[in-house]
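Okay, structure first, notes after.
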Amino acid sequence: MSIEIDRKRRFETVAAEVSDPVQRYLRRRATADDADDAYSETLLTIWRRLDDVPPNAALPWAYGIARKVLANQHRATRRRLRLIDRVGTSAPERPILGPGEADDFPEVREALSRLSEADQEVLTLWAWEELEPREIAAVLDTTPNAVSLRLTRAKTKLAHELERQSGTDAGHEPIETKEDHQS
């Protein structure tokens, strides 16, 4: 009986630690209903695999679980959409943005959308979830060195997309010249 109580307490501790960040992670990547479903599935998986939770890295581990749950959902959604396409109905709603994300930077979101899914994932884990490369490595099941390389390349690609979009160097305001003021 005490083993089950200890397990329940450990789950509650892990769930309390990962709950809000994982919900935000999921809501950034899925519709509200899909995010709720993925969150429930993520918690169920954490409960089933509680003994696999790393002692000092529960959050990156939980992100990894949530990422795989979403991938499964996306595959199911794509299959469903192909079927819907054949039947001729409409596409699903767009993912809901989290608080403070209401397209504050639409140009960044647009540039990000032109990158590969892998580049988007590593950038959003770094920027939105504020994970370090070693934590991102746990989420993506790879090495911190591989993440650092992917992150550097993805940042460069994003900067190029932003430059292409705006016609200026990314992160820099255009310099006004005397000719700009004379016209």
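For this structure, a couple of remarks:
- Test result for VAL108, at pLDDT below 85, among the aliphatic types (A, V, I, L, M) and farther than 22 Å from ASP33 by Cα: yes
- For region 41-59, filtering for residues that are part of a helix (DSSP H, G or I) and closer than 16 Å to ALA16 by Cβ leaves 7.
- Residue within region 155-169 that is of a type outside the set (D, E, K, R), loosely packed, with under 14 Cβ neighbours inside 10 Å, modelled with pLDDT of 80 or more and under 18 Å from the mean Cα position of the chain (by Cα) present: no
- Pairs where the first residue, in region 45-72, is surrounded by 12 or more Cβ atoms within 10 Å (Cβ to Cβ) and the second is modelled with pLDDT under 95 and basic (Lys, Arg), C-beta under 7 Å, 6+ apart: LEU50/ARG7; LEU50/ARG10; LEU70/ARG29
- Residue match in region 28-51 (condition: in contact with a Gly (Cβ under 6 Å, 6 or more places away or on another chain) and outside the structural domain of GLU129 (by TED's automatic domain parsing)): yes
The values are calculated or read from the model by the stated rules, or taken from the named source; none is laboratory data. Everything numeric here is computed off the predicted structure, so don't read it as measured data. FYI the Cβ positions are ideal-geometry reconstructions off the backbone, even for glycines, and counts take in every protein chain you see.
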